[in-house]
Amino acid sequence: MKAENQQDTLECEAAQPLLAAFALGEELLDAPTRAHILHCPACKVTLTAYQGIAQILSFDAPEAIPPVELRARLLATVEAQVIQAPIAAPKNQAAVAKRRVQRPIPRIWALWAGIAAMFVALLGWNISLQQQVDQLGAQVTASRTNWQTLVVLLNDPALQVQQIAGTSAHGTFWSTPTGQVACLMVEDLPVLTNEQVFQVWLQSNTGWVSGGTFASRNGRDWFMIRSKSQISTYSAIRVTAEPSGGSAAPSSPALLETNLTHG
């Protein structure tokens, strides 16, 4: 029996580092590893957690591409500036020569003005596109960092898993007693207005402490909580809907809440 337990432990140690990559579709598991997961409760729980987060990852980096209509509007504006009202025909060639001496042909100036406007418009469009691409890159980087932190957390031998629920929403809270990082995955959240966000709260001896804000995608999300204190110093966790930017204290009823136990 002891030898069998040691074998299971060795198989877990070999399988755990592969589970995150497998959940993301970046790793294939061989037959012995798959067989081990089928009868190992710990590896099953970890893989299920990874798969749940991986399904939400695709929503973490929303597309940030300027709409096609923007370019069409810009070009239409330029075209409107270029096309001017027809110039009245001169009565004779002398009038034509006199007009050329007095000032440049208005249509030429209108053409150059239109070209300049087009360059300015396209420059603005490119700057807007670059800003959105940079923002998207920052979101992807943050998502990757959070994923790597989650992998470390879920592979911690001291990991504790607790369920959190409300009237309709429910989720899972992962933490370690001595750690300062935890993960909350929630589902079936209500739809908020554009002026609202979800805010996580941790209850300390002095009251509720903010754990950060997040915006769900299709009622689902996962959120990494980075606390200044060990998670074991908090006795409960709560999620509320707050004004955009977050609140100093909970200002609405709890959507999810549970007491925290620390083994």
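Observations, loosely collected:
- Percentage relative contact order, the range 146-263, counting C-alpha pairs under 8 Å, at least six apart: 27
- A 1.4 Å probe run over the protein chains yields, for the range 204-246, 47 Å² of accessible area per residue, whole-number rounding.
- Where 36, 262 fall by accessible area, highest first, once all protein chains stay in place (1.4 Å): 262, 36
The values are calculated or read from the model by the stated rules, or taken from the named source; none is laboratory data. Here the structure is a predicted model, which means the values were calculated and not measured. For the accessible areas, the whole protein counts, side chains as well, though only heavy atoms, and no ligand, DNA or RNA atoms are used. Shrake-Rupley method; radii C 1.70, N 1.55, O 1.52, S 1.80 Å.
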